[in-house]
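Presented below is the structure to which this report refers.
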Amino acid sequence: MATSLPPIADVAGVIGTAGHVDHGKTTLVRALTGTDTDRLPEEKRRGISIELGFARLELPSGRRAAVVDVPGHERFVRHMVAGASGIDLVLLVVAADEGVMPQTREHLAIALLLGVRRGVVALTKCELVEPAWLALVEDDVRALLEGTTLARAPMVHVSALTGQGLDELRVLLDQGLEHAAARLDRGLARLPVDRVFSVSGFGTVVTGTLTSGALQIEDRLELLPSRLPARVRGLEVHGSPVTRAAAGQRVAVNLVGVERAEVRRGDVLATPGALGAHQLLAVRLQVLPGHVLEHGQRLHLHLGTAEVLCRVTLLEGERIAAGGQGFGLLRLEEPLAAGRGDRFIVRSYSPLATLGGGVVLDVGRRYRRQRAEDLEALAVAERGDPAELLREALRGPVPRTLAQAAQMAGLAPQEAAAAAAALLSQGRAVVLGGSGDGLLLLEAARWEDLRQRLTQELREYHRLFPLRAGMPREELRRQVLGAAEGRAATAVFATLVAQGLVRSEGEFLSLPGFRPQLSAAVQVQAEHLVSALEAAGLAPPSVGEALEAAGLAGGAAQQAELLAFLVSSGRLVRAEGQLYFGARAAAEAASRVRA
Ligand code: GDP
Ligand code: MG
């Protein structure tokens, strides 16, 4: 089948809107993209967004972003949570005439709890207000963002009515997404389903934002939590058929093997075995200011596009106070596709309010309240396995001491020593010198790379300078181990020498088989040069004349190389200035002087 792979590099990421109802989100998305995201008849009639809306934005750099327009009304916050899961950048919309309102705060809090790190603020309807008022609103928004990861988000004044600020906004969105593409397209495929329908003649179609991995036609997938197998018959990205869809794209997937009635919003389409369906989630909980979380409280859990009821077991106390944190176990009333590291939001059962959110630390395992060992196990789950953390810190490019690596990995000295021992015994790290805290370590694969690069560099040096004894250590250190401290470089060289991979003579390093050598032709001429200088005794001609007479009229650099070689191999002696004597003549002169 002829496959025209859709370009992946131009997928810049997913932008999600956030902000109070009627602040101009949908209008702004339409002004930017030309797409009206309020497409339901009811939305048109009531003039508010209920469902998520999707549009494609062409960025000034030529890349494209998906825009998820969320409803602002308080009653539809659950749709907002579904939309904000998996976005790379939040476009916080605040109407200049109204300023910060309740859902401005709530949407921002949700985006932050879901781990969104980039944002742009658009002050909309700017043509309606005086500059002095605009400045006040701007201050309010700055105060709202202070202390959050979005504190330095750029702010732009726009008006969908006059077109003011739209070009600037496009540039800011483009810049904000600059590094987002790196996260995309890695890992196993995961598509949280936000809509399901059936198309006559085709069968079941689901849509969602592909949050990781890629999808191709004919891929075999698994639907969770039902674990039904499904196959991809067709793919569409932004309404155009494709053979492959990449992470960060809005995708419609035509599935074979599942009926329309077997799929719901909140289900996840994933690489088989990549995720499980669970009813027990061990989590780190973060409670928003102005709210409290009680042990045993019934909650709405929003994860991805799913929403389920659950009860929280607080593992450490009776409650988590406003703005506080703690470990908890969420017992779900129905199973849900979830994995370690997933972010979620919790809302109170009744009345509905966003209480907080958190991160999944473990799935499917019971943890007991007030048990030190269980809390410790969760702390480890949160931080990760010490050996893995240490290995990350040892991934070079240059060796680090155990103390440095422990600090980077956030491990206590004893923990780090145990982790290092484990890595060494599994051959996943190597020792390059030192001892105790100063043990110099490098991840095994990195050491392999480094060895290859160092020997490659020496090989190249020998090729360029066949007459030199070897490469000066300092030069090799600068070329390959630029970031290493002197001590680390010394240890690396010593290890290479000990392993017989490199030879060390004075300040020079060389490969074991290497000998400085003249080519046959140069050899003959060099002999002429030496005998001419020997014959001249203590009255040698200028070196330039001698070289020319010997037929060695090459470039100055080659001449210098040759002279240095003849000096280092003991055939010539160099005196003050540019005077060269034959070694024998010089020796005779010296013994005469002594006599
Ligand atoms: P949303 O609920 O945040 O999606 O808000 P909408 O996009 O539906 O806009 C709410 C109302 O504000 C609509 O009547 C828009 O026409 C109006 N509106 C949006 N942007 C502007 C603007 O820049 N200037 C003015 N004057 N009105 C605007
Ligand atoms: Mg809207």
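Look through Arg592, Arg515 and report the one residue that is of a type in the set (Lys, Arg) and part of a helix (DSSP H, G or I).
On the way: Arg515 fails: part of a helix (DSSP H, G or I).
After applying the criteria, what remains is Arg592.
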>> If Arg574 satisfies all but one of (1) assigned to a helix (DSSP H, G or I); (2) within 24 Å of Gly470 (Cα to Cα), what's the number of the condition it fails?
In response: (1)
> When His528 is evaluated against the numbered criteria (1) surrounded by 14 or more Cβ atoms within 10 Å (Cβ to Cβ); (2) within 30 Å of Leu458 (Cα to Cα), which criterion, by number, is the only one it fails?
Replying inline: (2)
> helices (runs of 4 or more DSSP H) wholly in segment 1-89 with at least 3 residues that are at pLDDT 80 or above and open to solvent by 10 Å² or more (accessible area, probe 1.4 Å) - which ones?
Replying inline: 25-33
>> Among the residues of segment 439-468, what is the count of those that are farther than 30 Å from Leu402 by Cα and among the hydroxyl-bearing types (Ser, Thr, Tyr)?
In response: 1
> Is it true that some residue in segment 103-114 is without any contact (Cβ under 8 Å) to a residue 40 or more places away in the chain and either closer than 26 Å to Val287 by Cα or assigned to a helix (DSSP H, G or I) (or both)?
Replying inline: yes
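So if I check each of Ala270, Ala261, which one is open to solvent by less than 10 Å² (accessible area, probe 1.4 Å) and either in contact with a strand residue (DSSP E or B) (Cβ under 8 Å, 6 or more places away or on another chain) or without any contact (Cβ under 8 Å) to a residue 60 or more places away in the chain (or both)?
On the way: Ala261 fails: open to solvent by less than 10 Å² (accessible area, probe 1.4 Å).
Step by step, each of Ala270, Ala261 is checked, and only Ala270 is open to solvent by less than 10 Å² (accessible area, probe 1.4 Å) and either in contact with a strand residue (DSSP E or B) (Cβ under 8 Å, 6 or more places away or on another chain) or without any contact (Cβ under 8 Å) to a residue 60 or more places away in the chain (or both).
Return the total of residues in segment 384-396 being assigned to a helix (DSSP H, G or I) and open to solvent by 50 Å² or more (accessible area, probe 1.4 Å). Step through it out loud before you land on a result.
First, the residues of segment 384-396 that are assigned to a helix (DSSP H, G or I): 386-393.
Then drop every residue that is not open to solvent by 50 Å² or more (accessible area, probe 1.4 Å), which leaves 388, 392.
The qualifying residues number 2.
Just checking, which of Leu501, Leu579, Leu566, Leu529 is free of Cβ contacts under 8 Å to residues at least 60 places away in the same chain, under 14 Å from Ala469 (Cβ atoms) and touching a helix residue (DSSP H, G or I) at 6+ places or on another chain (Cβ under 9 Å)? Walk me through how you get there before you give the answer.
On the way: Leu501 fails: under 14 Å from Ala469 (Cβ atoms); Leu579 fails: under 14 Å from Ala469 (Cβ atoms); Leu529 fails: under 14 Å from Ala469 (Cβ atoms).
Only one candidate passes the filter, namely Leu566.
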> With respect to the numbered conditions (1) crowded, with 20+ Cβ neighbours inside 10 Å; (2) at pLDDT below 90, which one is the sole condition not fulfilled by Gly433?
Replying inline: (1)
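Ala469 - would you say it is assigned to a loop (DSSP other than H, G, I, E, B) and in contact with a strand residue (DSSP E or B) (Cβ under 8 Å, 6 or more places away or on another chain)? Spell out the reasoning first.
Values: assigned to a loop (DSSP other than H, G, I, E, B): yes; in contact with a strand residue (DSSP E or B) (Cβ under 8 Å, 6 or more places away or on another chain): yes.
The answer is yes for Ala469.
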> Based on what the data block shows, is Arg574 on the phi < 0 side of the Ramachandran plot and over 55 Å from the mean Cα position of the chain (by Cα)?
Replying inline: yes
> Which of (1) at pLDDT 95 or above; (2) open to solvent by less than 10 Å² (accessible area, probe 1.4 Å) is the odd one out, the single condition Ala111 does not satisfy?
Replying inline: (1)
> Pairs under 8 Å by beta carbon, first residue over 15 Å from Ala393 (Cβ atoms) and assigned to a loop (DSSP other than H, G, I, E, B) in segment 423-441, partner of a type outside the set (Val, Ile, Thr) and open to solvent by 70 Å² or more (accessible area, probe 1.4 Å), six or more apart or different chains?
Replying inline: Gly434/Arg487
>> I'm told Glu474 meets every condition in (1) within 21 Å of Ala560 (Cβ to Cβ); (2) open to solvent by less than 50 Å² (accessible area, probe 1.4 Å) except one. Can you identify the failing condition by its number?
In response: (2)
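Residues are listed down the side, and each one gets a yes or a no for (1) in contact with an Asp or Glu (Cβ under 9 Å, 6 or more places away or on another chain); (2) surrounded by 22 or more Cβ atoms within 10 Å (Cβ to Cβ); (3) over 30 Å from His300 (Cα atoms):
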position	(1), (2), (3)
Gly357	no, yes, no
Leu361	yes, yes, no
Ala377	yes, no, no
Val398	yes, no, yes
Leu402	yes, yes, yes
Pro413	yes, no, yes
Leu442	no, yes, yes
Thr455	no, no, yes
> What is the residue count in segment 219-258 for residues that are modelled with pLDDT of 90 or more, crowded, with 22+ Cβ neighbours inside 10 Å and among the polar types (S, T, N, Q)?
Replying inline: 0
> Of all the residues that make up segment 118-156, how many are more than 15 Å from ligand 1 (Cβ to nearest atom), open to solvent by 70 Å² or more (accessible area, probe 1.4 Å) and farther than 22 Å from Asp174 by Cα?
Replying inline: 7
>> Can you find, within segment 487-501, the residue that is surrounded by the fewest Cβ atoms within 10 Å (Cβ to Cβ) among those that are in a helix (DSSP H, G or I) and more than 31 Å from the chain's Cα centre (by Cα)?
In response: Ala498
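Go through Ala484, Ala406 for me and flag whichever is modelled with pLDDT under 90, within 28 Å of the chain's Cα centre (by Cα) and not in a helix (DSSP H, G or I).
Values: Ala406 fails: not in a helix (DSSP H, G or I).
It is Ala484.
Condition first: open to solvent by 60 Å² or more (accessible area, probe 1.4 Å) and part of a loop (DSSP other than H, G, I, E, B). Now tell me which residues in segment 457-466 satisfy that. First the steps, then the outcome.
Our first condition is that a residue be open to solvent by 60 Å² or more (accessible area, probe 1.4 Å); within segment 457-466, this holds for 459-460, 463-464.
Once the filter is applied, which keeps residues that are open to solvent by 60 Å² or more (accessible area, probe 1.4 Å) and part of a loop (DSSP other than H, G, I, E, B), segment 457-466 yields nothing.
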> What pairs can you find where one residue is in segment 468-492 and farther than 14 Å from Leu450 by Cβ, the other is in a loop (DSSP other than H, G, I, E, B) and open to solvent by 80 Å² or more (accessible area, probe 1.4 Å), and their Cβ atoms are less than 6 Å apart, with a gap of 6+ or different chains?
Replying inline: Pro472/Glu507; Arg473/Glu507
> How many of the residues making up segment 117-152 are more than 16 Å from Lys25 (Cβ to Cβ), touching a residue at least 12 places away in the same chain (Cβ under 8 Å) and assigned to a loop (DSSP other than H, G, I, E, B)?
Replying inline: 5
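Have a look at Glu316, Glu307, Glu333 and point out the one that is in contact (Cβ under 8 Å) with a residue 24 or more places away in the chain, in contact with a Cys (Cβ under 8 Å, 6 or more places away or on another chain) and open to solvent by 40 Å² or more (accessible area, probe 1.4 Å). I'd like the intermediate steps shown before the answer.
On the way: Glu316 fails: in contact with a Cys (Cβ under 8 Å, 6 or more places away or on another chain); Glu307 fails: in contact with a Cys (Cβ under 8 Å, 6 or more places away or on another chain).
Answer to the selection: Glu333.
The values are calculated or read from the model by the stated rules, or taken from the named source; none is laboratory data. On a predicted model such as this, the values are computed, not experimentally measured, just so you know. When we count neighbours, we look across all protein chains shown, and the Cβ atoms used for this are built from the backbone with ideal geometry, even at glycine. We work out accessible area using only protein heavy atoms, side chains counted, and drop any ligands, DNA or RNA first. Shrake-Rupley method; radii C 1.70, N 1.55, O 1.52, S 1.80 Å.
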